[in-house]
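*Asks:* Right, I'll just put the structure down here and ask away after.
Every number here is computed from the coordinates shown, using simple stated rules; none is lab data. Since the model is a prediction, treat every value here as computed from it, not as a measurement. Here the Cβ positions follow ideal geometry from the backbone for every residue, glycine too, while neighbour counts run over all protein chains shown.
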Amino acid sequence: MVVVTLTTRNQVWSALPPIGKRDDRPLDLPHLDAVTQAQVVARLLSPDFDAWSVAASRVGFCAKPIRLVGRSDTFDRGTAGLVRTYASAEEPTGVTFVRCGNRRASECESCSRLYAADTFQLIRAGVSGGKGVPERVAENPLVFATLTAPSFGSVHGTHPNHGRCRPRRDTGARCPHGRPLSCMAIHEQDDPALGQPLCPDCYDYASAVVWQWWAPELWRRFTITLRRMLAHHLRVLPANLGHVASVQYAKVAEYQLRGAVHFHALVRLDGPQTPDGFAPAPTTVTAPVLSALVEQAVQAVRVTADPVHDDDIQRVLAFGTQVDTRPVRTSSRTDDPDRELTPGQVAGYLAKYATKSATDTESKDSTHLRRLHATARNMASRTVSADQDPTAPYGLLGKWAHTLGFRGHFATKSRRYSVTLGALRRARQRAQARIAEANRTGTPVDLRQLEAELLADGADGTTVVIGSWAYAGTGWANDGETALATAAASRAREYAQERAQSRKQQSSGEK
Ligand SMILES: [Zn+2]
Ligand SMILES: [Zn+2]
Ligand SMILES: [Zn+2]
């Protein structure tokens, strides 16, 4: 390992976020070949190093930033006056860097962490208020639900209380392919057998792909069914539910080891919508009542799926029977049943699933996942493609073979659940610009007030930005710059973890 100490210039490698905090320890670089090492040294000694590292820190040391050239002018909507201008030509390197925005940690550690943090903020705001969401949202009934896929065949698994995988009294029983129907093992958490079928030839790969294909439709019908059941409970016509209540949700899809997605969702019941938010929720629907209705709705949903090709069958699809719904604030956590499931925890769970989801199937390679992938490709090759008929139900299956048939978004929310990721991003960009300005002029900034102001600004749009930008490329100039940015991103992560740790210790010391 090569350790580079950025002697007099190291203060530039500020660990962002938070803005303004400095970290002056040396960066750890992995082993680099001679060429890359020379590039690192050249960058460190270059006259515009400070400017470059400021630009890099502004994109959080993104591993593969997008380079843009152009300018943007911000006008006041009311007076039409020019508020500020910005051009890439002002940058010492002549280009403006923009984060790659990839949520997968394997692609960009920095952007994936930011995505998780934003998702956490978004979900938590919908649970306890803040970021422009009224705080009384916390009084509304809230349910944390996990919607599973049904079984497509027995797979190896860990069972609660460290039980055996697939115990059977008759351990000699075999499937038609001669494979055991039981497994007496107690699998470790990292056992590669987990999620693999006991018999791949018994496993219904085709149905697994078809279910995954229709999973977003199952979810959509679940929300419709839930609204209908709520209307029935509240004794109003479904069309009039909006007069008394409104269902809001945030959901995240997570791949299980067997390659099927689960939906983890927060379902919230608001009162009718008002211009500034919502009225109180109807008092007859408590969190336990909502929880029971969510469970009934999940179990009632069906989708009839047409055959994918001539030799295929029609299927009636449903969610798995294993539905877990629990009211938040009065429920227990799975890892510590004595404690309540708090809003912060559910937001944390969902944020974790949101970043985990997209990486999992692509990074974990197994015979089972390869076979699911191959099944999806094969079925796609035998169906009417979207080129032949844009309305063909499985026309784009081939395009989604790599996600094992899942074509939905990994994280979604209803419109009124919370603030949007876009609003959070825009507010942050403007905050960075304002803070940079404040640093230049030496005026202190009240971050809390600034955030409120910027989020509100995004909502009613007091300014309008006119920009003209052209794509100039992707990534840093060379491997040396990439190595520096990657090392700085890791350092920023360590720094954030240390801060979180010390905050934790502080708060436990106060108790
Ligand atoms: Zn990135
Ligand atoms: Zn097993
Ligand atoms: Zn078999």
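*Asks:* Run a plain Debye calculation on the stretch 77-196 (Cα atoms as equal point scatterers, no solvent) and give log10 I(q)/I(0) at q = 0.14, 0.16, 0.18 Å⁻¹, rounded to two decimals, same order as the q list.
*Replies:* So the normalised log intensities work out to -0.97, -1.05, -1.09.
*Asks:* What shape does the stretch 31-112 have by the C-alpha gyration tensor, where a ≥ b ≥ c are the square roots of the eigenvalues, rounded means a/c under 1.5, and otherwise prolate means a/b greater than b/c and oblate the rest? Provide the component values of the computation, followed by the final result.
*Replies:* Details: a/c = 3.66, a/b = 1.72, b/c = 2.13.
It comes out oblate by the Cα gyration axes.
*Asks:* I want to verify the translational diffusion coefficient of the stretch 153-261 in µm²/s; compute it with Stokes-Einstein, Rh as the Kirkwood radius over Cα pairs, at 10 °C and 1.306 mPa s.
*Replies:* Working: Rh = 17.4 Å.
This corresponds to a translational diffusion coefficient of 91 µm²/s.
*Asks:* Please list 3J(HN,Hα) in residue order for the stretch 265-270, calculated via the Karplus relation 6.51 cos²θ - 1.76 cosθ + 1.60 where θ = phi - 60°; whole Hz, with x for glycine and proline.
*Replies:* Running phi through 6.51 cos²θ - 1.76 cosθ + 1.60 with θ = phi - 60° gives 9, 9, 10, 10, 10, 9 Hz.
*Asks:* Right, something else. Compute the signed sum of charges (Lys and Arg +1, Asp and Glu -1) over the other residues within less than 11 Å, Cβ to Cβ, of Asp270. All intermediate terms of the calculation are to be shown ahead of the outcome.
*Replies:* On the way: positive: Arg136, Arg268, Arg416; negative: Glu139.
So the surrounding residues net to +2.
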